[in-house]
Amino acid sequence: MLSGKYLICTFKKGRAFPHFLKPTEPNLELAEALASLFKECLGLTREAAETELKEAVEGNPKVVEGMIKILLDHALFERPDLNQPEERRAQLFDLSAQYWAQEASRQPRLEGHRDKIVAKGQWVGPQEGQEATNWLFGDLPSNQVMTGFDSLTGLELLHRFNLEQVQGLLLKARRLTLTTQGAQNFGQLMQMMKFFGLLFSASEKGPQLILTIDGPGAVLENPKSYGLELANFFPAVLLLEGPWLLEAEIANADRAGAFVFLLDHQHGYHSPYPKRQSWAQDRLEMVVNRFNQQYASPYKAQASSLLHRLKHNRYLLPDIEITGHGPNKIQVQFLRYLKEDKVRWLMEIKDQLPPHYYFMVKGSRAKETDLLKAMGGRLRLYASEITAPMLKSLLE
């Protein structure tokens, strides 16, 4: 997505306005030219392809750079088939340091040093051109060779540019507020919250559902990863039935205060996501499949679509349901993060949990002793990954 130097945003009167390209003839011509030229870059290194595209078209430099980044992000690159350039480079740098500290001081001539350093390593390699670059730096991304790409039309590239400008902006979000209505949107949003692992609170105002979603700054661990999930949530919002309103509070390190990005269902953005009825996670399906492969009937695990309403507009969204020999069915909800608000939430809802309802989160028992004791067995920790025996033990 287009963040950092690729983000083009105007901050004015408390509002944030990410750059938006209308599908006018000049903008489409630029996008189509880049998309077409990109197809001719097959076989070039990433650095060479980027340079060639920049030199071939004219336009707003930041827009051109952003579109080029999108094209490169949709390409497949492979490093040259060379043996251990990392080790060769490290050894060469060590030899160079030794050479300049010892022998070079006794040789006033400016030329010939490179050959002497290489000779010390007793290597036989190319001396110039791209082969020499690959010989020493073939593992670096800039020298990797493009071997394939996802073909984008000019219009698709333009739509993707607009979308990724918003996604880059949302990486700076303190919080998002999404107001919508309708039972279908409600169910879809609950699945999306679970799919993207977002931290949220919900309230209802008449027919309206109001979701307040935490930004990356609210997460104690892996805020960058959480920010990417939040940004990836934006194209899913575009699939909701209207009316809806998205309000994002944006932090700007260069200016005091916060700015607001507003968007409603009458937008000009296009989502690359297909319409879908279910937002089940691939990794969740892997956990379910692993359990069912390891344990035969009557044991069975399946993804859950249940939703439990608690007091004060709180909700439980179990990820999986597991049945065994007895009449009991357990429900398990996986937590991605433990932060102060989440711990406080667990303490407030622990007495409202349905029977046989469990939470699982990655963590250390030594660090969470008090929390585990307070949850009375309803919270389980795992060290690296969720295993089938671990889930089965909840039935016993």
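Observations
- Within the stretch 86-114, being surrounded by fewer than 11 Cβ atoms within 10 Å (Cβ to Cβ) and either touching a Lys or Arg at 6+ places or on another chain (Cβ under 8 Å) or at pLDDT below 65 (or both) holds for Ser105, Arg106, Pro108, Arg109, Leu110, Glu111, Gly112.
- Tabulated pairs, the stretch 231-248, first among the polar types (S, T, N, Q), second part of a helix (DSSP H, G or I), C-beta under 8 angstrom, 6+ apart or interchain: Asn232/Gln167; Asn232/Phe196
- Residues of the stretch 337-363 satisfying the condition of being touching a helix residue (DSSP H, G or I) at 6+ places or on another chain (Cβ under 8 Å), under 12 Å from Leu379 (Cβ atoms) and of a type in the set (Lys, Arg): Lys350
- Given (1) touching a Ser or Thr at 6+ places or on another chain (Cβ under 6 Å); (2) at pLDDT below 90, index of the condition Pro235 fails: (2)
- Within the stretch 33-56, tally of residues that are crowded, with 16+ Cβ neighbours inside 10 Å and not aliphatic (A, V, I, L, M): 5
- Test result for Phe261, closer than 21 Å to Phe334 by Cα and surrounded by 14 or more Cβ atoms within 10 Å (Cβ to Cβ): no
- The conditions of being closer than 28 Å to Ser364 by Cα and buried (at least 16 other Cβ atoms within 10 Å of the Cβ) are not met by Glu340.
- Scan of the stretch 343-365 for residues that are surrounded by fewer than 11 Cβ atoms within 10 Å (Cβ to Cβ), within 30 Å of the chain's Cα centre (by Cα) and over 26 Å from Arg290 (Cβ atoms), ordered by number: Arg344
Okay, residues lined up against (1) farther than 21 Å from Asp214 by Cα; (2) out of contact with any strand residue (DSSP E or B) (no Cβ under 9 Å at 6 or more places or on another chain):
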position	(1), (2)
Asn252	no, no
Phe259	no, no
Met286	yes, yes
Asn289	yes, no
Asn292	yes, no
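- Index of the failed condition, Leu152 passing every other in (1) hydrophobic (A, V, I, L, M, F, W, C); (2) at pLDDT 95 or above; (3) assigned by TED's automatic domain parsing to the domain that holds Met67: (2)
- Residues satisfying the criterion are present in the stretch 208-215 (criterion: more than 23 Å from Leu307 (Cβ to Cβ) and surrounded by 17 or more Cβ atoms within 10 Å (Cβ to Cβ)).
- Remark: pairs (first residue in the stretch 372-390, without any contact (Cβ under 8 Å) to a residue 60 or more places away in the chain; second residue among the small types (Gly, Ala, Ser) and surrounded by fewer than 16 Cβ atoms within 10 Å (Cβ to Cβ); Cβ separation under 9 Å; 6+ apart in sequence or on different chains) = Arg380/Ser393; Leu381/Ser364; Ala383/Ser364.
- Scope the stretch 335-391; condition within 18 Å of Arg283 (Cβ to Cβ) and assigned to a loop (DSSP other than H, G, I, E, B); matching residues: Arg336, Tyr337, Gly363, Ala383, Ser384, Glu385, Ile386, Thr387
The values are calculated or read from the model by the stated rules, or taken from the named source; none is laboratory data. All values derive from a computational prediction rather than experimental measurement. Using ideal geometry, Cβ is built from the backbone for each residue, glycine included, and neighbour counts are taken over all protein chains shown.
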